[in-house]
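Comments concern the structure below.
Please treat every number below as a calculation from the coordinates, not as lab data. Predicted model only: the values in this text are computed from it and were never measured. Quick reminder, even Gly has a Cβ in these numbers, built from the backbone with ideal geometry, and neighbours come from all protein chains shown.
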Amino acid sequence: MNEPLVQIAMTVDGAPLSARVRPRYLLSDFLRERAGAPGVHVACGHGVCGACTIVVDGVAVRACLMLAVQADGATVQTIASLPVLEGTVTEGTGLTPLQQAFRDHHALQCGYCTPGLLVSSAKFLAAHRAPTRAQILDHLNGHLCRCSGYANIIAAIESVLQ
Amino acid sequence: MMASRNFGQRTRRREDGPLLTGRGVYLADLIRPDMAAMRVIRSTEAHARITGIDFSAVANEPDCIGVLSAADLPQGIGLLPAADLVEGSAPAHHSVLARGVVRYVGEPVAVVLATDPYVAEDLAERMAIHYDTLPVVMDVDAGCRAAAPLLYPQFGSNIVHQTRQLVGDPDRAFVDAAITIDETFRFQRVSANSMETRGAIAALEPGSGRYLLHSSTQIPQILRKELARITGIGLESLRVIAPQVGGGFGAKEAIYPEEVLVLLALRRFGRATYWIEDRQEAFIASTHGREESIQLRAAVGADGVITAVEADCLSDIGAAYSFLSNTPGAAVASVRGPYRIPNFRSRARSVVTNKTPLNVYRGAGYPQATLAMERIMDLAAAAVGLDRAEIRRRNLLPPEVFPVDRGVSYPGCGAVIFDSGNFPALLESTLDAVGYDGFPLRRAQAAAEIPLGMGLSFVVEMTGGGGGEPARIRLLPDGRLQLLSGIVPIGQGSETTLAQILADHLGVALETIEVLTGDTDDSPDAPGTFASRGATMGGNAACRAGDVFIRQARQLTAELHRARLEDIIWKEGVLIDRTRPDEPLTLGNLLRQAAASGIEPLRALDAKGRYDDDAVSWSSACHAAVVAVDRATGIIRVVDYAVTHDCGRVANPLLVDGQIIGGAVQGLGQCLFEVNRYDEAGRPLSTGYMDYVLPTAATVPRFILRHIETPSPLNPLGMKGAGEAGCSGALAAIANAIADAVGSQVNVPNGSGPFTPDCVHSILRGAHQEETPA
């Protein structure tokens, strides 16, 4: 099966990258297989669960709902860019405030949904300096987590605000 | 046990570092570009004869590495194991690939291997399977009828399993009862929905040439033995590793066709092969949970004391056994919960239908049994005019009677004997936590259009077991210790908990212990992670290995110092020769001294221990839920959720609370949202998250968690399991709260819902009609 290949270029977590890809190649697969970004986790593949959430040109998107060719020319940020997205890292631990809060509040168990949650939460907090609880819940409703029961995730995000 | 420096602390998890930074290594992270991608061609029919399999369109495609159907399987390869068949069970085993007949939509019929997954999917679409459809059996009632189509004509019936139990004289108790309550409770089919789907990779191990299978499984050690048996590969030639597992909940506690097929494909085509389940597949190819009905009859005295129950449990196990299908056994063995109920009779049957096979799912039979018994408690309270807490008080087993032999057995696990507990204390604690006494006032102040209700439930569940647990401790070259455990990390934080337990046992710093898990080379005889057994079994095994390690370290020291063994003592990770107490020896120094003396210390210090004493302990919990029912929208919100839990001594409250909350929200999901639906032709209607609704953050109640510790006398650490209690009590507490909110004990559908808005509206209409007869 000879599929045409398309030349694309993008920046992934700060590193420029160019490749020839099939037009139907999903961005999520491209990032995992060709861009060294295993933190992009695919859990549902149809845009509901949020595990594969990344930032493309400043906007949080589901990597499983985009084609790699659609990200041609884009700046892509995955979990590896969390320090950039949050703008700060704690010395010593190397963790961002959100990562530290997730750890302190036991807001992750199996960890599969965690990178996507952290990426979109970083974007959410950058856009909302003092969100209400309702806004936090509305934000988190875009993510499925089967282990934690969410309570500790909510607590972790609220703790970052204090 | 030495001082408790770590045991009982809210120690944060050592697992979190890589998981927070996207560097956790899950199954899909192990795929290499040169591996073949396997795609499974699944039955599109619920019940049919296969009349033809045509690979001709793809067999010569250059990107096609190979195809396999049942006819291509080596002689003798075919059936998957079921662990809980009892005497008299009909062996309705699942095939690796369907042979002649398919029995559910999703059943594997063939596989195709290609150079990449996109192409494999293309090729799969061009492989033609021809079917002659057969009549379907889509529910247990139809399946039990005399004229029902048979899934396995050779068995003569769709009922493939039956067990009965009897305690005391229930007939006499029913004759003497003031009131008899008789209700049937139905439980819908749900999916476990671990966020990481299943997957398996078969490759040859570099160097040894052994077969190396990675699988996202809870039971790598059992999987290895079963794969060796099924494929004929020698056990010593097969290594299985469970990497970081992205959630399990029971659906990864089975032996699946795809795990066999990647291995067979590797042998047949000589190429490392992987398979990753997609979400749509997960809904039809990963085991389902829960579907059954329980008819419960209770003999109730005028004083509210229940003198007998009779349970008849009918389980819809789908098209074949999975690894552990017989949850009705668990349901009936435990249906009396914490209540005395001296007389008991039960029957449990499993029926095959044209649906995905059923397996254990977090809590196995306990959520169902608990709901049935706890609904009966509320109905009995209403019938005799007692407060709902008071009727429970009158029936609870008192703390002084432990251990309690319940006179029944749990299939495969022997007699049901509650080892420890304090049920009245759990009840009073939870009533206090949820504000039971103040609730009537709170209810009166709630808006009339959004009535509040409160429900109670009580869980007593078997934890641990599964066979003995091994552990191994090695000394690392830098003087730190390495614990090798058979407990698989599925999110519960075992590495942290086991390190806490071992650090205290040895008296060493937490940081000096490294924990490795999930590799059959390290722990070939471990059972795996299930039945809330990880911390209790893994922890006690680590202590046993720790004792062996201390003895080995003392022996080595005595040898090096030409001292008597009894003069060498172990104190907090340091070896002291009593004749030279001012020259304590660290493990690092011991290593160096041994090396200088020509002894291979890493071989001398390799301690294996095993915990296989009385392995089953019984955890207990009292739950209370407060719900608000919006009469206009039909939406139910769980407002407050209180649990007092007794899992014996709590090793890490942070992680135990995480288990309880996560489990309770899974139960909430089943109660309010989740259901795997089929149409009448057996086509699955719930195959993605647009039509299978999971709980989200906005549905989460306020949690109030408490612990009462009655240590288990059966293991030195006094622990009992904690992984499933949250889920097991939630269905009952929420269903009871809904019944309470709508003010009608009789019109709530007798089961776990899901209580969707349309369901709530029909309940409200029913209640209204009852209040105002036409």
What is the dipole size for the protein assembly as shown, taken about its Cα centre, with +1 at each Lys and Arg Cβ and -1 at each Asp and Glu Cβ, in debye to the nearest 20? 660
Between the range A:28-95 and the range B:489-560, how many Å separate their Cα centres? 37
Which value, in debye to the nearest 20, describes the size of the charge dipole of chain B about its Cα centre when Lys and Arg Cβ atoms bear +1, Asp and Glu Cβ atoms bear -1, and nothing else is charged? 840
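Taking the inverse of the average 1/r across all pairs of different Cα atoms in the protein assembly as shown, what Kirkwood radius in Å do you get?
Working: mean 1/r = 0.0344 Å⁻¹.
The answer is 29.1 Å.
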Between B:D169 and B:D582, what is the spin-label point distance in nm, taking each point 7 Å from the Cα along the Cα→C-beta axis? 8.0
Which log10 I(q)/I(0) values, to two decimals, does the range B:199-243 give at q = 0.16, 0.28 Å⁻¹ under the Debye formula with one point per Cα? -0.36, -1.05
Using the Cβ atoms and a cut-off under 15 Å, what net charge is assigned to the surroundings of A:I79, where Lys and Arg are +1 and Asp and Glu are -1? +1
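Roughly how crowded by other chains is peptide B:246-254, in terms of the mean Cβ count from those chains within 10 Å of each of its Cβ atoms?
On the way: counts 11, 9, 2, 3, 0, 0, 0, 0, 0.
That average works out to 3.
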Roughly how many nanometres apart are two label points built 7 Å out from the Cα toward the Cβ at B:N589 and B:D679? 7.8
Cβ neighbours within 10 Å from other chains - mean over B:689-696: 4
Applying the Karplus parametrisation 6.51 cos²θ - 1.76 cosθ + 1.60 with θ = phi - 60° to the phi angles of the range B:314-330, what ³J(HN,Hα) value in whole Hz is obtained for each residue in order, glycine and proline being reported as x? 10, 10, 9, 8, x, 7, 6, 5, 9, 5, 9, 8, 8, 4, x, x, 5
Please turn the phi angles of the range A:72-82 into ³J(HN,Hα) values with the Karplus equation 6.51 cos²θ - 1.76 cosθ + 1.60 (θ = phi - 60°), one per residue in order, whole Hz, x for glycine and proline. 4, x, 8, 9, 10, 10, 10, 3, 5, 8, 4
Taking B:S237, B:S315, A:S81 and counting other beta carbon atoms within 10 angstrom, the fewest-first order is B:S237, A:S81, B:S315
B:A178/B:E236 FRET efficiency (R0 45 Å; Cβ-Cβ; nearest 0.05): 0.10
List the residues, sorted by chain then number, that are 5 or more residues from B:E107 or on another chain and whose placed amide H is less than 5 Å from its amide H. B:S43
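Given a Förster radius of 35 Å and the C-beta distance between A:A134 and B:H761 as r, what FRET efficiency does 1/(1 + (r/R0)^6) yield to the nearest 0.05? Working shown, then result.
On the way: r = 26 Å, r/R0 = 0.74.
After rounding to 0.05, the efficiency reads 0.85.
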For the protein assembly as shown, the charge dipole (Cβ of Lys, Arg +1; Cβ of Asp, Glu -1; about the Cα centre) points to a positive end, and the Cα of B:A177, B:Y692, B:V384 closest to that extreme belongs to B:Y692
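So, with +1 on the Cβ of K and R and -1 on the Cβ of D and E, and no other charges, what is the size of the charge dipole of the range B:623-721 about its Cα centre, to the nearest 20 debye? Kindly include the intermediate steps, with their values, before the conclusion.
Values: 8 positive and 9 negative charges, 40 e Å.
Charge dipole, the range B:623-721, about its Cα centre: 200 debye, nearest 20.
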Starting from the amide H of B:G66, placed 1.01 Å from N in the peptide plane, find each other amide H under 5 Å away whose residue is 5 or more places distant or on another chain. B:L113
Calculate the length of the line joining the C-alpha centroid of the range B:366-390 to that of the range B:684-740, in whole Å. 19
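Run through every distinct alpha carbon pair of chain B and return the Kirkwood hydrodynamic radius in angstroms, one decimal place. Don't skip to the end; give the middle numbers.
Working: mean 1/r = 0.0362 Å⁻¹.
With all distinct Cα pairs of chain B included, I get 27.6 Å.
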Out of residues 5 or more away from B:L516 or on other chains, whose amide H comes under 5 Å of its own, with H placed 1.01 Å from N in the peptide plane? B:L483, B:L484, B:S485
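At a Förster distance of 22 Å, what's the computed FRET efficiency of B:I77 paired with B:F269, Cβ-Cβ distance as r, to 0.05? Write down the numbers at each step before the final one.
Working: r = 16 Å, r/R0 = 0.71.
About 0.90, to the nearest 0.05.
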Hey, fewest Cβ within 10 Å first, where do B:R649, B:R443 land in order? B:R443, B:R649
So what's the range B:126-204 giving for Cα Rg divided by 2.2 N^0.38 Å, two decimals? 1.90
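Neighbouring Cβ atoms within 10 Å as the yardstick, rank A:C49, A:C44 fewest first. Working shown, then result.
Details: A:C49 27, A:C44 23.
Ascending Cβ contact count within 10 Å gives the list A:C44, A:C49.
How big is the shadow of the Cα convex hull of the range A:81-161, averaged over all directions, in nm²? Before the final figure, lay out the partial values.
Values: hull surface 19.6 nm².
About 4.9 nm², averaged over all directions.
Please compute, for peptide A:149-161, the average count of beta-carbon atoms on other protein chains lying within 10 Å of each residue's beta-carbon. Show your work: numbers first, answer last.
Numbers: counts 22, 9, 13, 7, 2, 3, 0, 0, 1, 0, 0, 0, 0.
Across A:149-161, the average partner-chain Cβ count within 10 Å equals 4.
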Hey, what do the phi angles of the range B:147-164 turn into as Karplus ³J(HN,Hα) couplings, whole Hz, using 6.51/-1.76/1.60 and θ = phi - 60°, x for Gly and Pro? 8, 5, x, 9, 6, 10, x, 5, 8, x, 7, 8, 7, 10, 7, 8, 9, 10
Once you keep just the Cα pairs under 8 angstrom separated by 6 or more residues, what percentage relative contact order results for chain B? 16
What translational diffusion coefficient, to the nearest whole µm²/s, does the range B:93-159 have by Stokes-Einstein, given a Kirkwood radius computed over alpha-carbon pairs, a temperature of 37 °C and 0.692 mPa s viscosity? 227
